[in-house]
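Report on the following structure.
The values are calculated or read from the model by the stated rules, or taken from the named source; none is laboratory data. All values derive from a computational prediction rather than experimental measurement. When we count neighbours, we look across all protein chains shown, and the Cβ atoms used for this are built from the backbone with ideal geometry, even at glycine. Quick note on the areas: whole protein, heavy atoms, side chains included, nothing else; ligands and nucleic acids left out. Shrake-Rupley method; radii C 1.70, N 1.55, O 1.52, S 1.80 Å.
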Amino acid sequence: MLNTKYLDQDNLFELIIFQGYKNLVFYWNFAKGMVNTKSEIQDLLKQNRIQNIYGVSEGLKGFSQAFSSEPITNFRYFLTNYFKFTIYEMCSGVKIILLSNISDQTDYSETLKEVYTNYLEIIKRNPFYVHGEPLDNPLFIEKITDIFEPFQKKK
Amino acid sequence: MKKDRQNYYFIVVNKTGGLQFFSQLKEQYREDQDKITTNQVLQASSIFYAIDHLTQTIIPDAIYKVEQDKDKDFERDNAIDLLITENYMVSTLKTLTGLRFLVISNKNLEVPKKHEDNIQKMRQIYRLYTDYFSKDPFQSDDQPLGEKKRAQFDRDVRELLDF
């Protein structure tokens, strides 16, 4: 499964957080930067790509549940020829999705769990946060950058 | 001593998304629930076909830069290779004609090795598939097999996948 063609590329491509039905609250393109203001997020949502990412996660959830012997919330990750799609979903409807390089063998499920615990403590338990708003809390952003710092390839 | 079977299901999805062949390799996988029905597998395979197609559109930008110099239509080559859930894994092989073979197996063994194993076995099954489906002039392309041939193909598949 190790594809040497992509070894020169970055390890991580994108981090996306959805809340509820197709509601994008956080987008981080590791090469370009974060998007967490309302106007930029609305621009992003107009592109089909983000809607398709949501659709892929919901569709494969239905597929995974058909063959499972126990009730599960969602699959963990899938690999295609070109990228790896890791997801951490909770029953409350929060989906945390990471698109990464296939030549990277690390399992990102645990780091996405860490992102979720930070999300819980900083965002959800904050009495001033309104559900559905973009995540622009500077402490959250700092924690996220610290979490993904060791995985990003330094050129 | 009965060997613990590692492979649970084997599915063939044709190039238009319909279910062409389905075999349940391990009987009591779903213990408390009813046995999986053909309808559920039909729905699941058409979902898989649609979503597999949809993954062509979510390829990250960085990959586009690597593949941009080539003339080939690399979006079309994109297909789901391996899917991992908490209890099981799904290995898929997509052929050039758009046919998809899926093997659903246990996740306890080392995942990359088992995945490679599954892909090799699916390549062998593909050769069998051509014997039963493509080389038969009376078998139309996307339709499932008749009763007798289906039992034979089932036996051959079980021989390859049950170890």
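Remarks
- Averaged over the residues of A:55-63, the number of partner chain Cβ atoms lying within 10 Å of the residue Cβ comes to 6.
- Whether chain B is rounded, prolate or oblate, judged on the alpha carbon gyration tensor where a/c under 1.5 counts as rounded: oblate
- Under a model in which nothing but the beta-carbon of Lys, Arg (+1) and Asp, Glu (-1) is charged, the protein assembly as shown shows a dipole of about 540 debye around its Cα centre.
- Accessible area buried between chains A and B, both sides summed, probe 1.4 Å, in Å² to nearest 100: 3700
- Qualifying trypsin sites (Lys or Arg not before Pro) for segment B:118-163 [loop in DSSP, other Cβ within 10 Å: at most 11]: B:K135
- 10 Å Cβ shell holding at most 10 others, DSSP loop, chymotrypsin sites (Phe, Trp or Tyr not before Pro): longest site-free stretch of chain A: A:22-127
- Surface per residue (accessible, 1.4 Å probe) for segment A:80-155, Å²: 50
- Counting only protein heavy atoms and a probe of 1.4 Å, the accessible surface of the protein assembly as shown is 49% carbon and sulfur.
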